[in-house]
1. Going by a ≥ b ≥ c, the root eigenvalues of the Cα gyration tensor, does region 113-161 fall in the rounded group (a/c under 1.5), the prolate group (a/b larger than b/c) or the oblate group?
2. What is the local net charge at Tyr112, summed over the other residues whose Cβ is closer than 13 Å to its Cβ (Lys, Arg +1; Asp, Glu -1)?
3. Provide the gained length on full extension for the span Glu57 to Ala152, in nm with one decimal, where the gain is 0.36 nm per separating residue minus the Cα-Cα distance.
4. Run through region 47-148 and list the trypsin sites (Lys or Arg not before Pro) located in a DSSP loop whose Cβ has at most 14 other Cβ atoms within 10 Å.
Amino acid sequence: MTKFDRSKFMKTFVSQTPHHGAKSKGAASAGVRFEGGKHVMFSYQWDCQAEVQGVREHFAKLGIPTWMDTDGGMQADIYDSMAQGVSNAAVVVAFMTQRYQDSENCKLELKYAKQKKIPIVPALMQGNGWRASEWLGVITAGALWTPLHEAATMQQNLQSLVEQIKMAVPTTSVTAEAKPARTLSVRAAGDSE
């Protein structure tokens, strides 16, 4: 059995996934909008930054607004930046690994999201039977963990992650910039214009 090379996979995934290529002609640009202009915050430990960036690029192609520390938001005070990222989030996606669980900053970030009652959608970035425990296990207990560590199921699981985000944030709206939908008027019999 060969060892899974996450970096190599993400380079291949980004270059070969249809969502990352040029838009097909005539395709409508659709997206997800959150109430108040909020975003999906990506909470991760830096060892899997390349993989998370690949997920972010996928979300961008789908028109889903995201925030992660590489936006330049961590330039001043790290704690103020994390608090701002969490406070402006409609939902937080936690990219879980053992290193994430061991990180004090990831712990503070996710605990703050939980305290602010911001929905948390866990994504499992580590295979080999690893499961969250301790504080991370408590915060994500009962949630469906979307596995994003296997190349064979990545595309399907990214769609599952998007659907979980939509379910976690009930005021999510899906928009399309194609032709506006026709509005049908219904009048009671006998009504005139």
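Each reported figure results from applying straightforward, stated rules to the coordinates on display, with no laboratory input. A quick note: this is a predicted structure, and the numbers were derived from the prediction, not measured. Glycine gets a Cβ as well: all are built from the backbone with ideal geometry, and neighbour counts include every protein chain shown.
1. Oblate shape, in that a/c is at least 1.5 and b/c is the bigger or equal ratio.
2. Local net charge: +2.
3. 32.3 nm
4. Passing both the DSSP loop test and the Cβ count: Lys116, Lys117, Arg131.
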